[in-house]
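Below you'll find the structure, written out as structure tokens, and then a few comments.
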Amino acid sequence: MRARRLRTGLKGWGGVGAMALACVLAVLAALLLPAVHSPGGAGGGGADGGGHGVAHGSRARAAEECTDPEKQTLAPSGDDGPTIDAIRARKGEKRKLIVGVDQNSYRWGYRDPNSGGDAELEGFDIDLAHRIAKDILGDEDAVQFKAIPTDQRIPAIQDGRVDMVVRTMTINCDRLEEVAFSAPYFRTGQQVLAPKSSRITGYDGTLADTEICTAAGSTALSTLEQDRTDGTLPEGVDLRTTVPNQLDCLVRLQLGEVDAVVTDGALAASQAAQDPTVELKGDAFTTEYYGVAMKKDADDLVRRVNRVLEQWRADGAEGWQHSYDRWLSKTMDDAAKSRPPTPQYLRKS
């Protein structure tokens with residue numbers, strides 16, 4: 001099915017140059033942290049790697065005990081605690097909030113190559129990280145960003161390499177076994193991205209006998225693997241192509257190495273904005289929520305982030321809606337996504 005040739009027509013990032021830049025960014029991100037593992041290894045696709053489903057038995061057990069994972073968070077509070085105290089106790093140049101982010105997700109966390117000079121990280125997730133740093137340390141620039149591959153998000157939190165991850169990270173039951181999440185700050189769902197000329201029409205039988213690219217440790221990969229186990233994945237779908245960072249899938253698609261990409265619709269919409277020769281195919285086939293991930297025992301930090309999110313949602317001038325309008329409104333065509341999710345909290349004092 002695939003025409004194994006380089007597809008042209010990139011918008012905004014400049015054709016071949018964009019693909020080269022994307023590859024370089026992916027390599028740089030991988031070098032910042034220990035090497036990622038392939039799915040099925042110690043770090044790929046499982047809970048330790050931030051995956052939606054680990055072994056299917058573990059996934060089933062988690063599903064039995066956990067419902068509505070986006071509601072499994074603590075009520076907002078401005079009180080300090082041991083985690084926040086430790087962040088504030090850092091001295092000198094190290095007195096910063098350390099945040100794991102993406103650096104190549106267009107309009108979420110990325111470096112704009114057209115901005116000139118030393119391109120700073122910008123995007124919707126980056127705005128939120130600055131907001132949290134301002135609340136905790138009194139300075140929105142008191143934040144150290146660490147670029148983290150998809151399947152290193154949870155290990156980076158558990159190992160203490162970052163204080164939190166703000167990186168289009170879906171809240172789900174398996175991940176709640178490993179980390180704590182804030183209240184949700186964005187709603188999305190898995191969708192198919194493919195060339196406009198493709199016969200693929202969505203997450204349906206037109207995917208039969210195609211090769212799909214996903215990011216290792218992503219909810220896309222674990223959802224497709226579970227659907228294959230359940231017998232609902234179309235016949236002959238090849239899931240072997242996984243990459244450290246989701247943007248790498250767009251490059252594979254442009255090179256004709258895969259037939260389609262499955263990822264969060266919010267990310268896919270941004271990629272379609274970069275490359276006018278690809279498009280979203282069909283509707284989202286899951287409902288998911290992004291949250292800020294932190295260590296499981298960092299209750300004071302979770303509560304503080306939830307308070308920041310409450311204020312961010314309510315702030316009309318520099319809040320959630322302002323960031324959405326600036327970064328995402330041009331790429332998101334679903335009006336329902338232009339409103340922040342309404343949070344619900346655990347009944348804990």
Candidates per trypsin sites (Lys or Arg not before Pro) in the range 265-313, loop by DSSP, up to 15 other Cβ within 10 Å: LYS296
Contour minus Cα-Cα distance for ASP315 and TYR345 (0.36 nm per residue): 8.7 nm
Neighbourhood charge, 11 Å Cβ-Cβ cut-off, centred on VAL165 and excluding it, Lys, Arg +1 and Asp, Glu -1: +3
Nearest-20 debye value, the range 189-279 charge dipole, Cβ charges on Lys, Arg, Asp, Glu: 180 debye
Reachable lysines from LYS330, criterion Cα separation under 30 angstrom, eight or more residues apart if same chain: LYS11, LYS71, LYS134, LYS146, LYS196, LYS281
Residue-normalised accessible area of the range 189-279, expressed per residue, 1.4 Å probe, Å²: 29 Å²
Proximal aspartates and glutamates relative to LYS91, as straight alpha-carbon distance under 15 Å, when same-chain residues fewer than 8 apart are discounted: ASP139
Around GLU310: net Lys/Arg minus Asp/Glu count, Cβ-Cβ under 14 Å: +3
Per-residue SASA entry for THR67, accessible area with 1.4 Å probe, Å² rounded to 10: 90 Å²
Top positive-direction residue, dipole computed over the range 189-279 with Cβ charges, set SER222, VAL262, SER197: SER197
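Taking 0.36 nm per intervening residue step and subtracting the Cα-Cα distance, what contour gain separates LYS91 from ASP112 on full extension?
Stretched fully, the LYS91-ASP112 segment lengthens by 4.4 nm.
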Rounded accessible area of ARG326 (nearest 10 Å², 1.4 Å probe): 140 Å²
Placed amide H near THR263: partners under 5 Å, 5+ positions off or other chain: GLN191, LEU193
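The values are calculated or read from the model by the stated rules, or taken from the named source; none is laboratory data. Predicted, not measured: the structure shown is a model, and the values here were computed from it. Note that we place each Cβ from the backbone using ideal geometry, even for glycine, and neighbour counts take in every protein chain shown. The accessibility values were calculated without ligands, DNA or RNA, using every heavy atom of the protein model including side chains. Shrake-Rupley method; radii C 1.70, N 1.55, O 1.52, S 1.80 Å.
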